[in-house]
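Heads up: the structure comes next, in structure tokens.
The values are calculated or read from the model by the stated rules, or taken from the named source; none is laboratory data. As the structure is a prediction and not an experimental result, all values here were calculated from the model. Neighbour counts are summed over all protein chains in view; Cβ atoms, including those assigned to glycine, are modelled from backbone coordinates with ideal geometry. Please note that ligands, DNA and RNA were not included when accessible areas were found on the heavy atoms of the full protein model with its side chains. Shrake-Rupley method; radii C 1.70, N 1.55, O 1.52, S 1.80 Å.
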Amino acid sequence: MTATIPPSTGTADATSTDTRHHKLAIIGSGPAGLTAAIYAARANLEPMVFAGNTPLGQLMITSDVENYPGFPGGIQGPELMQLFRDQAERFGSKLLDKDVTRVDFSQRPHRLWVGDDEYQADAVIVATGASALWLGLESEEQFRGRGVSACATCDGFFFRDREIAVVGGGDTALEEALFLTRFASKVTMLVRREAFRGSKIMQDRAFAHPKVVVRWNTEVTDVRGEMTVNELGLRDTVTGEASTLPVQGLFIAIGYKPNTDLFAGQLDLDERGYCMVDGGTRTKVEGVFVAGDVHDHLYRQAVTAAGDGCRAAIDAERWLESVGEIEASTATNW
Amino acid sequence: MTAPITVDDATFEAEVLNAEKPTLVDFWAPWCGPCRLLSPVVEAVGEAHADKIATAKVNTDENQQLAMRYSIFSIPTLIVFRDGREAARLVGYMPQAAMEERLREFLA
């Protein structure tokens, strides 16, 4: 959820330099970050979790989570994340609900800033996750919450018996479009190319659904309306021909972007901005580990992120032990 | 007592539109994740600025007329009503500092 990292107001939460040095800092508080915190806290690493201005990750904007093991009846995303947080805090993790605004991994201890407040950590786990992408149109921003949405589960309800459009050609777009058929009278899928990228089974469901219409080679150029959305400006990506589509809602589902702006020039990022790992959860920087959606664009599940957080905590503890920052005898027998 | 008051289709006019102070109204629903995240922030802002602004909550599931009347298409949506009219609108989650910044003119 921390797509943009606004400048922090930088109020001091820690009062002395002593409290600002930590064996382990964890940046991010979704399933990866908080699982790392649970493991690290139980290994007496007293982790400091920089939970961000919008803490607890992407599950905070979901409703029912039906596939997290241990909850046979399903659980609400925000409830699940509060349980993660409770468990991390129970074992002594400290959480600061503010964004890290700058890092310096060029020397050890590693340095992190929240506004003007500096923190130091021997080891760092980067678990900042990913955020939904927007089209980047000015008119899209203007109508956000007035017909433009990136969260079908949050907002679908308000489009009962209305005509809407979904932008995107991947699984997320297909899932959102099918979910929105519960409410909308017609769902037009706007796909930039002439094929979906999503799974075959989801494509078949979309093609078969009487409320779903697919428009290939189409991109959105403009969102128009008075108080709320009533029309989209479209362009054919092959012929360049402009057209309009009357709709009351526009749902954006064009994929995700890893939250790695903070680490540019510090960690190796691939061409899409994902952190690159160098064996397990290690990065090329000694003492810096990554976990969750910030490097994983394949699975992107709460349970895989949690598993990754566990691996990162174990890797971090072993590394701290290997460089003598913690005594070998205190290292946990996992 | 500064906790947000719960208002509905029937009480909205008296409690919000005819209120003396500007009123920050939280349009939410029980199934909405970000709403649960935002509600404590609304409460905190209401408590911190109880002399300047009142706070209220509208359950959009139970009060669809209000949701329609104010063109709610996304929740959480916060609307500040002043002198019976919409004076500001905020959509989506934001932390307390950001909310106070956006509501500065009402909190001064």
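The table below gives the values:
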{"quantity": "Local net charge near B:GLY33, Cβ-Cβ under 15 Å (Lys/Arg +1, Asp/Glu -1)", "calculated": "-4"}
{"quantity": "Mean separation of Cα contacts under 8 Å (6+ apart) over length of segment A:134-252, as relative contact order %", "calculated": "31 percent"}
{"quantity": "Charge-dipole axis of chain B as Lys and Arg at +1 and Asp and Glu at -1 on Cβ define it, positive-most pick from B:THR55, B:TRP31, B:MET99", "calculated": "B:MET99"}
{"quantity": "At 1.002 mPa s and 20 °C, Stokes D of segment A:186-240 from Kirkwood alpha-carbon radius, µm² per second", "calculated": "171 µm²/s"}
{"quantity": "Relative contact order %, chain B, counting alpha carbon pairs below 8 Å whose residues are six or more apart", "calculated": "36 percent"}
{"quantity": "Per-residue average of Cβ from other chains inside 10 Å of B:90-97", "calculated": "5"}
{"quantity": "Anisotropy class of segment B:1-85 from Cα gyration tensor, a/c 1.5 cut", "calculated": "oblate"}
{"quantity": "Solvent accessible area, Å² - B:THR6, 1.4 Å probe, full protein context", "calculated": "110 Å²"}
{"quantity": "Shape of segment A:69-140, Cα gyration tensor, a/c cut at 1.5", "calculated": "oblate"}
{"quantity": "Cysteines in the protein assembly as shown that, by Cβ-Cβ distance, have no pairing candidate under 4.7 Å", "calculated": "A:CYS275, A:CYS310"}
{"quantity": "Packing rank of B:101-107, A:82-88, where each peptide gets the mean count of other beta carbons within 10 Å, highest leading", "calculated": "A:82-88, B:101-107"}
{"quantity": "Student exercise, the protein assembly as shown dipole from Lys, Arg, Asp, Glu Cβ charges, in Debye to nearest 20", "calculated": "740 debye"}
{"quantity": "Eligible lysines near A:LYS200 by straight Cα distance, threshold 21 Å, same-chain separation 8 or greater", "calculated": "A:LYS211"}
{"quantity": "Sequence-distant lysines (8 or more away, or on other chains) whose Cα lies within less than 19 Å of B:LYS21", "calculated": "B:LYS52, B:LYS57"}
{"quantity": "Accessible carbon and sulfur surface of the protein assembly as shown relative to its total accessible area, %, 1.4 Å", "calculated": "47 percent"}
{"quantity": "Segments A:156-163, A:135-142, A:48-55 sorted - mean Cβ within 10 Å per residue, highest first", "calculated": "A:48-55, A:156-163, A:135-142"}
{"quantity": "Equivalent-ellipsoid semi-axes of segment A:134-252, from the Cα gyration tensor, Å, largest first", "calculated": "20, 18, 12"}
{"quantity": "Sequence-separation-based contact order of chain A, relative, with Cα cut under 8 Å and 6+ spacing, percent", "calculated": "20 percent"}
{"quantity": "Test item: Cα-centred dipole of segment A:134-252, Lys/Arg +1 and Asp/Glu -1 on Cβ, debye", "calculated": "380 debye"}
{"quantity": "GNM top mover of A:LEU59, A:LEU234, A:LEU174 - chain A, alpha-carbon springs below 10 Å", "calculated": "A:LEU234"}
{"quantity": "Distance histogram in 20 Å bins (all Cα pairs of the protein assembly as shown, percent per bin)", "calculated": "24, 52, 23, 1"}
{"quantity": "Estimated translational D of segment A:33-180 in µm²/s (Stokes, Kirkwood radius over Cα pairs; 4 °C; 1.567 mPa s)", "calculated": "71 µm²/s"}
{"quantity": "All-pairs Cα distance distribution in segment A:49-95, expressed in whole percent, bin size 5 Å", "calculated": "5, 22, 26, 23, 15, 9, 1"}
{"quantity": "Residue-averaged [θ]222 nm for the protein assembly as shown, counting only DSSP H segments that reach four residues, each worth -39500 (n - 2.57)", "calculated": "-7000 deg cm²/dmol"}
{"quantity": "Peptide A:157-170, shielding by other chains (average Cβ, 10 Å cutoff)", "calculated": "2"}
{"quantity": "Per-residue average of Cβ from other chains inside 10 Å of A:147-156", "calculated": "4"}
